[in-house]
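Computed from the coordinates by the stated procedures, all read-outs in this text should not be read as laboratory data. Everything numeric here is computed off the predicted structure, so don't read it as measured data. Neighbour counts run over all protein chains shown; Cβ positions are idealised from the backbone, glycine included.
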Amino acid sequence: MKFLQNNIVSVDIFGISPVREVKSSTASLSGPQLATTFAVGEEADLQAAAGDVEVAPLMGPLNRVDAVVTPGETYRVEVVVRTRKVGHFFPGGTVDAFDVWLELQASDDSGRVIFWSGMVENGGKGPVEKSAHFYRSLQLDGNGNPISKRNAWATRSLAYVRLIPPGAADTVHYRMTIPNDAVGRINLKARLHYRKFAWWNTQFAFAGERAPGTAAVTKDYDNGSWVFSGDTSTVSGQIKSIPDLPIVTLAESSATLKVDQPASTKAHGLTKVDFSDWERWNDYGIGLLLQGDLKGAAAAFTRATEADPKNPDGFVNIGRARVQEGDLDGARAALDKALALSPNLARAHFFYSRVLRAEGRYEDALAHLREVIAQYPRDRVVRNDAGRILFLQKKYAEAIRELQNVLEIDPEDLQAHYNLMLCYNGLGEKDRAEEHEKRYLRFKADESAQAITGPYRISHPEDNNERQAIHEHASAVLK
Amino acid sequence: MKSLIAALVLSAISILAQSGQPSIQFTDVTKSAGLTFVHYTGAFGKKYLPETLGPGVAFIDYDGDGWQDLFFTNGKDWPGQHRRTATLQLFRNNHNGTFTDVTRAAGLAVEVYALGVAVGDYDNDGDDDLFVTAVGQNRLFRNTKGVFADVTKEAGLAGPSEFSTSAAWLDFDRDGNLDLIVGNYVQWTPETDLFCTLDGTRKSYCTPESYKGASVRLWRNRRDGTFEDVTRTAGLLDNTSKTLGIAVLDANQDLWPDILLANDTQPNRLYINNGKGGFAERGILSGIAFSEEGIARAGMGVDAADYDRSGYPSVMITNFANQMLALYHNEGNGLFVDEAPRSAVGRATLLTLGFGCFFFDYDLDGWLDIFVANGHVDSDIERIQSRIKYAQPPHVFRNTSKGAFEAVTQSLGAALHQPRVGRGAAYGDFDNDGDLDVVMTTNGGPAVLLRNDGVSNHSLRIRLVGSRTNRNGFGAVVRVTAGGETQTQMLRSGSSYLSQSENILTFGLGTRMQADSLEIRWPSGAVDRMSNVKSGGVVTLTER
């Protein structure tokens, strides 16, 4: 418990944005569109009104600014989960079987719950409600059944995977409506929970039996169903029943929102850029960057640079967002600032090399990569980049030497095998090229297996929602 | 005085920006040409996958009068919706810069959710026929003296309902009759349409990875007006493909036509013809199948040409936004190396999403340039990316003759600066002035006809007529030598995206007025040679 609760991850209710219906000024060229057919939780039956929905500017960081909300209005609540003392992806290991999820609850001063995502059913003993925000790998077997029994041998496709890299962040979006009769303030509480095994897996492991008349298991899929009626009197261990696994709260965050009447409420964004909030802004931006919201990420990183103009990482991260978009000039401008602050910063050199390579300035790109390699000789992403540039220069033998460095770090590195195949092809060494082609094909993902997710996505709208890089969670509380 | 100097400086800059012929402009003549086509997607709020893909366009001389006419594919209402009647459209060239809608008279007023088109004379009767791909049943329209008849059933092409995209005519077995290759995208129905979102709130058009793919189909011409499906026996059956673009090329220069498939979220395929009725897939080893990380990406439009006179055709494939156009240079040994970063093509195409594309010599200097029609698939992209827009201007890249290109879109007239949601694109000399004009389609919007003006260089334009070879001359390789320099082009159907350019080869001669020598290698094996072929008009060369 001490280990789990030792600030290995943190949660930050970062900010909120009013969600406003605005008149569309730019006519959509593909004809009139209804708003989302988003079918999660209670919003499944809502027919959203026609017209564009704009996410208005942010109020945040919360507990730094005095955020005010209006009764009857809807808001996007932004919660940031950050890994701190983890040297690998979080969670790691049996990521198919954990219950790791974020809970957000909001109540007014009368104690009435007005929003709740991520509750545990059956008074805390059952499964986590299915529209919560999970950190896990949801895999499917050959027939689209979820891998829920630690039956990894049957994994054939991936519905989604959400894990937080070390020292990185995830930005979670919730959509919350303030009731017209809210009493006092709105009190938000976000908690990151951990349960060693998901509820279903625990039931199955202790008392799972094949439902009578059900199809037999195959090595590729399990179309049958299970009942939890097994005799637990003979299970190993001292508890002779299906245990109620403890739920540990790894981190939590609270924030308070003032509620005010429409006439006196500022409907605009409200932010404060304080030196000590650099990390809050940067973490928020990292979460957005990893989702592909490059616009939001660049804006958040810009705030970070305003909070601390001397911290080069804010500029590096603006550069990253721009590199990802393909805005080379914009990336260069940001990275130049980072390098001016910290000329040896390996991160800045790395992204700079990406800009130069995209411009065909291969020698200059390599020069920057060599700076990085001198500091991090065992970073295989960097080695792969160097190998790729040498390949593009048609210096096949040199490229091969560089790419061999990658294989010494990870003999299964996909990108290295792919580019080694091409290099040997360039040298005319067909046998060697085919050796690497074999390994590349062996280790690569099977793109076509993604088709297994199609029917699953249709029948599991909550998991389909989780799959979207950018998505929102509604309250699962039924009125 | 100051303003005079400023004017001189400005014109000097624009001259330098466009080394060669500063006067070249592409003029938008859509209105004055009377080209009234507007694409109908059938969209009614559900954002069905096919809606964002089309339409395609083809230059076709359907009445054989020596003037290029225009054909457009079109969508229609989805089942249960009755908002509009929309059909395919054919516009006849009036020889005076204007066009007339002759759809009904030509027998093409057909409602079908169409996407792509391939133009070819499959029955060798002298009239170019039309193959139209669709969501549902593809159609073969046989042309008899300017009137089209739907012969899909009689030709044996009626079959399972598929989601077909680009197609091309080619004589894969070199028996003198055109066969047909048809790309298929995914297995999709309105009932299995998936929800996805770019911004977390609104539905967007989805990428296709969660849908099952569908194999390309190869139809062999039986020479009696019917076709047989030889996909499996030819080694082309692959149900994981999700094809959007097709190019026919001779990748290894063995005189047998090869096939390149641009697949979306699946590896691109390079099928090398073995000369014995079959193909072997070499895409992975060749380096054109994946991104540089070894990961499949989107691939929409495609073309192949020997742009640097290396003796081998290189390949370009348009990709998604945040990704470069791929310019795979054919090294001649089975390997392709992406030259996009080293040329202006890479940098300029990062912020655009390309669809239709082709190599063409717009300034007639003897070096093949590039045109790309751009446009995103969903307007919601602007909510999460700052520089990427839904509507985007096209690209024109001028070949510098040193194996590289320069971006010249900015200096070719205001019409090219206009952002549009571009899709199909084709080139053709519609005003018969010897240079290549461009037609572009937009998704859910009007077509755009761009007339090439101000070219002072000369061209040699060649129409091929096969006798033992298929009548169009597809697959024939023409080498033109002028002033000691030799250019090579292969006449083919397909390429670009859902579209087809005119069936005429254009060689830029620069300031010269004739080609010193010309050689045609016909797929039949025959080789014809001639010398001192003068520029001007279209030269018709018939296989001896």
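Enclosing the Cα atoms of segment B:296-353 in their convex hull gives a volume equal to 76 cubic angstrom per residue.
Report the far tail of the P(r) of segment B:197-316, meaning the percent of Cα-Cα pairs longer than 24 Å. If you can, show how the numbers build up before the last one.
Values: 2440 of 7140 pairs.
The share of Cα pairs beyond 24 Å in segment B:197-316 comes to 34 percent.
Sequence-ordered 3J(HN,Hα) estimates for segment B:372-383 from the Karplus curve with 6.51, -1.76 and 1.60 and θ = phi - 60° stand at 10, 8, 10, x, 7, 9, 8, 5, 5, 4, 6, 7 Hz, glycine and proline given as x.
Here the protein assembly as shown yields Rg over Rh of 0.99, to two decimals, using C-alpha coordinates and the Kirkwood radius. Within segment B:148-178, find all residues whose amide N lies under 17 Å from a label point positioned 7 Å from the Cα of B:D125 along Cα-to-beta-carbon. Zone members listed by number: B:148-157, B:177-178. When all alpha carbon pairs of segment A:224-368 are counted in 5 Å bins from zero, the resulting P(r) reads 2, 9, 13, 13, 12, 9, 7, 6, 6, 6, 7, 7, 4, 1, 0 %.
Summing +1 for each Lys or Arg and -1 for each Asp or Glu, what net charge is found among the other residues whose Cβ lies under 9 Å from the Cβ of B:D363? Overall, the nearby charge balance is -3. Roughly how many whole Å is it from the C-alpha centroid of segment A:281-350 to that of segment B:509-544? Taking the Cα centre of segment B:509-544 as reference, the centre of segment A:281-350 is 57 Å away. Each peptide in A:360-367, B:202-209 was scored by the mean count of other Cβ atoms within 10 Å over its residues; highest first, the order is B:202-209, A:360-367.
Compactness of segment A:326-479 is given as radius of gyration and Dmax, 20.5, 69 Å, from Cα positions.
What is the local net charge at A:D109, summed over the other residues whose Cβ is closer than 13 Å to its Cβ (Lys, Arg +1; Asp, Glu -1)? Kindly include the intermediate steps, with their values, before the conclusion.
Numbers: positive: A:R112, A:R185, A:K258; negative: A:D108, A:D181.
Taking every other residue near A:D109 into account, the sum is +1.
The convex hull defined by the C-alpha atoms of segment A:147-249 has an orientation-averaged projected area of 12.1 nm².
Placing dummy labels 7 Å off each Cα toward the beta-carbon, the span from A:I239 to A:D364 is 6.2 nm.
Calculated on C-alpha atoms, the gyration radius of segment B:324-418 divided by its Kirkwood radius gives an Rg/Rh of 1.00. Length gained on full extension, A:I458 to A:K395, computed as 0.36 nm times the residue gap minus the Cα-Cα distance: 17.8 nm.
So what's the net charge close to B:K46: Lys and Arg +1, Asp and Glu -1, counting the other residues with Cβ under 10 Å from its Cβ? It would help to have the intermediate numbers written out before the result.
Working: positive: B:K47, B:K203; negative: B:E51, B:D193.
My count for the surroundings of B:K46 gives 0.
Beta bridges assigned by DSSP with both partners in the protein assembly as shown are antiparallel in approximately 95 percent of cases.
In percent, how large is the relative contact order of segment A:327-366, given Cα pairs closer than 8 Å and 6 or more residues apart? Intermediate values should be presented prior to the final figure.
Numbers: 23 pairs, mean separation 13.2, N = 40.
Relative contact order here is 33 percent.
Per residue of peptide B:379-389, the mean number of Cβ atoms on other chains within 10 Å of the residue Cβ is 6.
Counting partner chain Cβ atoms within 10 Å of every residue's Cβ in A:376-388, what's the average? Don't skip to the answer; put the middle values down first.
Values: counts 0, 0, 0, 0, 0, 1, 0, 0, 3, 2, 0, 0, 3.
Neighbouring Cβ atoms belonging to other protein chains average 1 per residue here.
Calculated from the alpha-carbon coordinates, segment A:178-301 shows an Rg and a Dmax of 24.5, 67 Å respectively. Each residue in A:D329, B:D127 was given a count of other beta-carbon atoms within 10 angstrom of its own, and listing them fewest first yields A:D329, B:D127.
Counting only other chains, what is the mean number of Cβ atoms within 10 angstrom of the Cβ of each residue in peptide B:281-294?
Values: counts 0, 0, 0, 7, 10, 2, 8, 0, 1, 7, 2, 11, 8, 15.
Mean partner-chain Cβ count within 10 Å for B:281-294: 5.
The ellipsoid that matches the Cα gyration tensor of segment B:466-538 has semi-axes, each √(5λ) in whole angstrom, of 22, 17, 10, with the longest given first.
How high is the relative contact order of chain A? Use alpha-carbon pairs under 8 Å, at least six apart in sequence, and give a whole percent. Don't jump to the answer; show the numbers that get you there.
On the way: 949 pairs, mean separation 85.3, N = 479.
Value for chain A: 18 percent.
The amide H of A:K149, built 1.01 Å from its N in the peptide plane, has no neighbour under 5 Å, considering only residues 5 or more places off or on other chains.
Which of the residue pairs B:K46/B:K76; B:K203/B:K242; A:K219/B:K212 have a Cα-Cα distance greater than 19 Å in the structure shown?
On the way: B:K46/B:K76 15 Å; B:K203/B:K242 22 Å; A:K219/B:K212 22 Å.
Over 19 Å Cα-Cα: B:K203/B:K242; A:K219/B:K212.
Using only alpha carbons, build the gyration tensor for segment B:120-214 and give me the equivalent ellipsoid semi-axes, biggest first, whole Å. Walk me through the numbers before you get to the answer.
Numbers: eigenvalues 238, 39, 28 Å².
They are 34, 14, 12 Å, listed largest first.
Taken as Cα centroids, segment B:287-302 and segment A:125-197 sit 32 Å apart, rounded to the nearest whole angstrom. Were the residues from A:R84 through A:D260 laid out at 0.36 nm apart, the gain over their Cα-Cα distance would be 59.7 nm.
List every residue whose amide H lies under 5 Å from the amide H of B:T144, counting only residues 5 or more places away in sequence or on a different chain, with H placed 1.01 Å from N in the peptide plane. Amide H to amide H, under 5 Å and 5 or more residues apart or across chains, B:T144 pairs with B:A149. Computed about the Cα centre, the dipole magnitude for the protein assembly as shown is approximately 1680 debye when only Lys and Arg (+1) and Asp and Glu (-1) carry charge, each at its Cβ. Annotation: amide H of B:R420 within the under-5 Å range of B:Q392, sequence separation 5 or more or interchain, hydrogens built in the peptide plane. Largest first and in whole Å, the equivalent-ellipsoid semi-axes of segment A:296-404 read 27, 14, 10, each the square root of five times a Cα gyration tensor eigenvalue. Translational diffusion coefficient of chain A (Stokes-Einstein, Kirkwood radius from Cα pairs, 20 °C, 1.002 mPa s): 85 µm²/s. So what's the back-of-envelope 222 nm ellipticity for chain B, counting only DSSP H runs of four-plus at -39500 (n - 2.57) apiece and dividing by all residues, rounded to 500? The per-residue figure over chain B is -1500 deg cm²/dmol. For the pair A:K272 and A:E121, label points projected 7 Å from Cα toward Cβ lie 4.3 nm apart. Only helices enter the 222 nm calculation for chain A: every DSSP H run of n ≥ 4 contributes -39,500 (n - 2.57), and dividing by all residues gives -10500 deg cm²/dmol, rounded to 500. Paramagnetic label reach from A:R432 (point 7 Å along Cα→Cβ; backbone nitrogen cut-off under 15 Å): within segment A:358-392, residues A:391. Across segment A:231-242, rounded Karplus estimates of 3J(HN,Hα) from the backbone phi angles (6.51 cos²θ - 1.76 cosθ + 1.60, θ = phi - 60°) give 6, 8, 6, 10, 5, 6, x, 8, 8, 9, 7, 5 Hz, Gly and Pro being marked x. For A:D336 and A:N6, the FRET efficiency from 1/(1 + (r/R0)^6), where r spans their Cβ atoms and R0 equals 51 Å, is about 0.85. Computed from phi, the 3J(HN,Hα) profile of segment B:159-169 under the Karplus parametrisation 6.51, -1.76, 1.60 (θ = phi - 60°) reads x, x, 5, 10, 10, 9, 10, 7, 8, 8, 8 Hz, with x in place of Gly and Pro. As a rough guide to protection, the peptides B:128-140, A:188-200 ranked by mean Cβ packing within 10 Å, highest first, stand as B:128-140, A:188-200. A Förster radius of 41 Å, combined with the Cβ-Cβ distance separating A:S225 from A:D181, puts the computed FRET efficiency at roughly 0.40.
For the pair segment B:396-423 / segment A:406-479, the C-alpha centres are spaced 35 Å from each other.
With r as the distance between the Cβ atoms of B:R479 and A:E73 and R0 = 60 Å, compute the FRET efficiency 1/(1 + (r/R0)^6) and round to 0.05. Don't skip to the answer; put the middle values down first.
Details: r = 71 Å, r/R0 = 1.19.
With a Förster radius of 60 Å, E is 0.25.
One quarter of the convex hull surface built on the alpha carbon atoms of chain B amounts to 24.6 nm², the projected area averaged over directions.
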